[in-house]
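What follows is a short report on a single structure.
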């Protein structure tokens, strides 16, 4: 069993390193959609998840279009994490092999992608006072990832 965390054009190496570490620790698959704001060989990326990097299941995709074509048959189980989500992440019934997409730290996911998939867009509730900014990417991934794992009974985890 595995969940798939998809980072679309991530920009900050330590965020991706922390997310890679979470993926390794939970048996989740990490998808990196290019262009990346760093090299996968970048020291700061590996520093955050250094002990875990050999255990991370990573797939790199040359573009969002290429990723979406490759996983076209799984579109119905792709959830888009965005501050503009139509429902709370806790309202989704997650299951094995679901894919959760997160956008760039500075821009999020493409607006046209969100508009075309509104029913599968999810958000983490935030105070109206802080609505202009979202949570840190690695924190957001952890929140949604562990809710999905909790719903599934933390498969293969102790």
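The values are calculated or read from the model by the stated rules, or taken from the named source; none is laboratory data. These numbers come from a predicted model, not from an experiment. All Cβ positions, even for glycine, are placed from backbone atoms using ideal geometry, and neighbour counts span all protein chains on display.
Let me confirm something: among 77, 104, which residue is without any contact (Cβ under 8 Å) to a residue 60 or more places away in the chain and in contact with a strand residue (DSSP E or B) (Cβ under 9 Å, 6 or more places away or on another chain)? Quick ask: steps written out before the conclusion?
Numbers: 104 fails: without any contact (Cβ under 8 Å) to a residue 60 or more places away in the chain.
After ruling out the rest, the residue left standing is 77.
Check whether at least one residue in the range 93-105 is assigned to a loop (DSSP other than H, G, I, E, B) and at positive phi, and report yes or no.
Within the range 93-105 (the criterion being assigned to a loop (DSSP other than H, G, I, E, B) and at positive phi), the answer is yes, since at least one residue qualifies.
If you take the residues in the range 113-134 that are in contact with a strand residue (DSSP E or B) (Cβ under 8 Å, 6 or more places away or on another chain) and in a loop (DSSP other than H, G, I, E, B), which one is modelled with the lowest pLDDT?
Our first condition is that a residue be in contact with a strand residue (DSSP E or B) (Cβ under 8 Å, 6 or more places away or on another chain); within the range 113-134, this holds for 113-114, 117, 120-125, 134.
Remaining after also requiring in a loop (DSSP other than H, G, I, E, B): 117, 124-125, 134.
On the way: 117: 96, 124: 95, 125: 93, 134: 81.
If we take residues in the range 113-134 being in contact with a strand residue (DSSP E or B) (Cβ under 8 Å, 6 or more places away or on another chain) and in a loop (DSSP other than H, G, I, E, B), then 134 is modelled with the lowest pLDDT.
Looking for something assigned to a strand (DSSP E or B), modelled with pLDDT of 95 or more and either over 23 Å from residue 1 (Cβ atoms) or touching a helix residue (DSSP H, G or I) at 6+ places or on another chain (Cβ under 8 Å) (or both) - is there at least one such residue anywhere in the range 135-147?
No, the range 135-147 contains no residue that is assigned to a strand (DSSP E or B), modelled with pLDDT of 95 or more and either over 23 Å from residue 1 (Cβ atoms) or touching a helix residue (DSSP H, G or I) at 6+ places or on another chain (Cβ under 8 Å) (or both).
Within the range 79-92, track down each residue that is within 15 Å of the chain's Cα centre (by Cα) and assigned to a strand (DSSP E or B).
Passing the criteria: 79, 80, 81.
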